[in-house]
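A.B. asks: Can you keep this structure in mind? I'll have questions shortly.
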Amino acid sequence: MKRTIFTILAATIWISLSEFIRNEFILKSYWTEHYDKMGLVFPSGSVNGAVWGVWSLCYAITIFIMNKRFGLAETTFLSWITGFVLMWLVTGNLSVLPYGILPFAIPLSLLESFLASLIIHKMRNKVVT
């Protein structure tokens, strides 16, 4: 049980860092400009950060469960669809997705999904001596 919790927390930390760096440093100007055009303020307060932390934990748990059944490539692909493609479909449908971020967000989110899957894959399959 300790290994499971530690594995999920390690992936959660990676996902949280990846999301923070991507959305607060790399893509923040795209988000804020898009929200300004809609007459809104881009949400980046502590409550918003906490919700992203919960999202990261849920995403890590999802990847952990997928990894029990699928290999690394399949887990990466399925988790990316689950975590990002579905979210982008919803935010695009609500007109709050700045489409200009996609050339950056797609490869970065694939990298995020792959490394989270790899962390879980390696930590779950590590033999305890």
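A.B. asks: Projected onto the charge dipole of the chain (+1 at Lys/Arg Cβ, -1 at Asp/Glu Cβ, origin at the Cα centre), which of Pro107, Ser56, Gly39 gives the Cα projection farthest towards the positive end?
C.D. replies: Ser56
A.B. asks: Dipole size in debye (nearest 20) for the chain around its Cα centre, Lys and Arg Cβ +1, Asp and Glu Cβ -1?
C.D. replies: Once rounded to the nearest 20, the dipole reads 660 debye.
A.B. asks: Given a 1.4 Å probe, how much area per residue of the chain is accessible, in Å²?
C.D. replies: Per residue, the chain has an accessible area of 61 Å².
A.B. asks: If you plug each phi of the range 118-124 into the Karplus form 6.51 cos²θ - 1.76 cosθ + 1.60 with θ = phi - 60°, what whole-Hz ³J(HN,Hα) values come out, in order, with x for Gly and Pro?
C.D. replies: For the range 118-124, the Karplus-derived couplings read 5, 4, 5, 4, 5, 6, 5 Hz, x marking Gly and Pro.
A.B. asks: On full extension of the chain, what length is gained from Ile81 through Trp55, given 0.36 nm per residue of separation minus the C-alpha to C-alpha distance?
C.D. replies: 7.9 nm
A.B. asks: Once R0 is set to 30 Å, what does the formula 1/(1 + (r/R0)^6) return for the Cβ-Cβ distance between Leu115 and Ser95, expressed as a FRET efficiency to the nearest 0.05?
C.D. replies: The pair Leu115/Ser95 has a calculated efficiency of 0.45.
A.B. asks: While we're here: Between Lys28 and Lys2, 0.36 nm times their residue separation minus their Cα-Cα distance comes to what?
C.D. replies: 5.7 nm
A.B. asks: Relative contact order for the range 36-129: what is it in percent, counting Cα pairs under 8 Å that are at least 6 residues apart?
C.D. replies: 34
The values are calculated or read from the model by the stated rules, or taken from the named source; none is laboratory data. Since this is a predicted model, take the numbers as computed values, not measurements. Counting neighbours? That spans all protein chains shown, and the Cβs are built from the backbone with ideal geometry, glycine included. Side chains included, ligands, DNA and RNA excluded: accessible areas come from the protein's heavy atoms. Shrake-Rupley method; radii C 1.70, N 1.55, O 1.52, S 1.80 Å.
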